[in-house]
1. Please name all residue pairs, on different chains or six or more residues apart, with Cβ atoms under 9 Å, provided the first residue is in the range 41-54 and is open to solvent by 80 Å² or more (accessible area, probe 1.4 Å) and the second residue is part of a helix (DSSP H, G or I).
2. Of the residues that make up the range 97-106, is at least one out of contact with any Pro (no Cβ under 9 Å at 6 or more places or on another chain), of a type outside the set (Val, Ile, Thr), at pLDDT 95 or above and under 30 Å from LYS5 (Cα atoms)?
3. Go through the range 108-130 and give me each residue that's outside any helix (DSSP H, G or I) and either among the aliphatic types (A, V, I, L, M) or under 10 Å from the mean Cα position of the chain (by Cα) (or both).
4. Return the residue satisfying two criteria in turn: it lies in the range 73-88 and is outside any strand (DSSP E or B), over 12 Å from GLU101 (Cβ atoms) and among the charged types (D, E, K, R), and of such residues it is least open to solvent (accessible area, probe 1.4 Å).
5. Which ones in the range 8-50 are within 23 Å of the chain's Cα centre (by Cα) and β-branched (Val, Ile, Thr)?
6. Considering only the range 55-67, I want to know if a residue exists there that is part of a loop (DSSP other than H, G, I, E, B), of a type in the set (A, V, I, L, M), more than 25 Å from LEU2 (Cβ to Cβ) and over 17 Å from the mean Cα position of the chain (by Cα).
Amino acid sequence: MLVFKDGVWYKGYLYSKRLKSNVWSKPKIKLRRVENSKVLKIVDYLNSANLWSMNRDSLNIHERRNKDGSIEKLSVYDLDNDRFEIFDKNRFVIIESYAPEYFLEELPENKILEHFIKVRDWFTVNYEAL
């Protein structure tokens, strides 16, 4: 997670510990200050890649139309859901896709999904480098 507070950027994560047989501690947030210019590079990229305006329905198309006009629904279980969230006191936006690699392989014509994966991969590399 990236947090902007009082003019300073922080890299953080949310964690909880298992205390005993399926009982978890209250979630905690751990933050570490990071260089503003590095975070702004990430934010600028996400904005220029139009991440926040991606159509969520298009990111989660899980069916294809066959030549005979029938529709084939695709499903897969127990894979990752990739999710970006942005929020402040005025808005909350979620951009997410379930099993994007699987569905792109099955539906290669879904260019927005291909773009989402590229943005996610770029973000991951640059976020880890913070």
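1. Between residues of the range 41-54 that are open to solvent by 80 Å² or more (accessible area, probe 1.4 Å) and residues that are part of a helix (DSSP H, G or I), the close pairs are LYS41/ASN126; ASN50/HIS115; ASN50/VAL119.
2. Yes, the conditions are met somewhere in the range 97-106.
3. Taking the range 108-130 as the starting set, the residues that turn out to be outside any helix (DSSP H, G or I) are 108-110, 129-130.
Residues satisfying the conditions are ALA129, LEU130.
4. First, pick out the residues of the range 73-88 that are outside any strand (DSSP E or B): 74-80, 88.
Narrowing the set further to residues that are over 12 Å from GLU101 (Cβ atoms) leaves 74-75, 77-78, 88.
Filter once more, keeping what is among the charged types (D, E, K, R): 78, 88.
On the way: ASP78: 147, ASP88: 82 Å².
Ranking the qualifying residues of the range 73-88, first place goes to ASP88.
5. Our first condition is that a residue be within 23 Å of the chain's Cα centre (by Cα); within the range 8-50, this holds for 8-16, 27-50.
Listed by number, the residues that qualify are VAL8, ILE29, VAL34, VAL39, ILE42, VAL43.
6. Step one: filter the range 55-67 for residues part of a loop (DSSP other than H, G, I, E, B), giving 55, 60-62, 66-67.
Then drop every residue that is not of a type in the set (A, V, I, L, M), which leaves 61.
Keeping just the survivors that are more than 25 Å from LEU2 (Cβ to Cβ) gives 61.
So of that shortlist, the ones also over 17 Å from the mean Cα position of the chain (by Cα) come out as none.
No - not one qualifying residue is present in the range 55-67.
The values are calculated or read from the model by the stated rules, or taken from the named source; none is laboratory data. The model shown is predicted, which means the values in this text are computed figures rather than measured ones. Here the Cβ is made from the backbone with ideal geometry for all residues, glycine too, and neighbour counts use every protein chain on show. Each accessible area value is taken on the protein alone, full model and side chains, heavy atoms only, with ligands, DNA and RNA left out. Shrake-Rupley method; radii C 1.70, N 1.55, O 1.52, S 1.80 Å.
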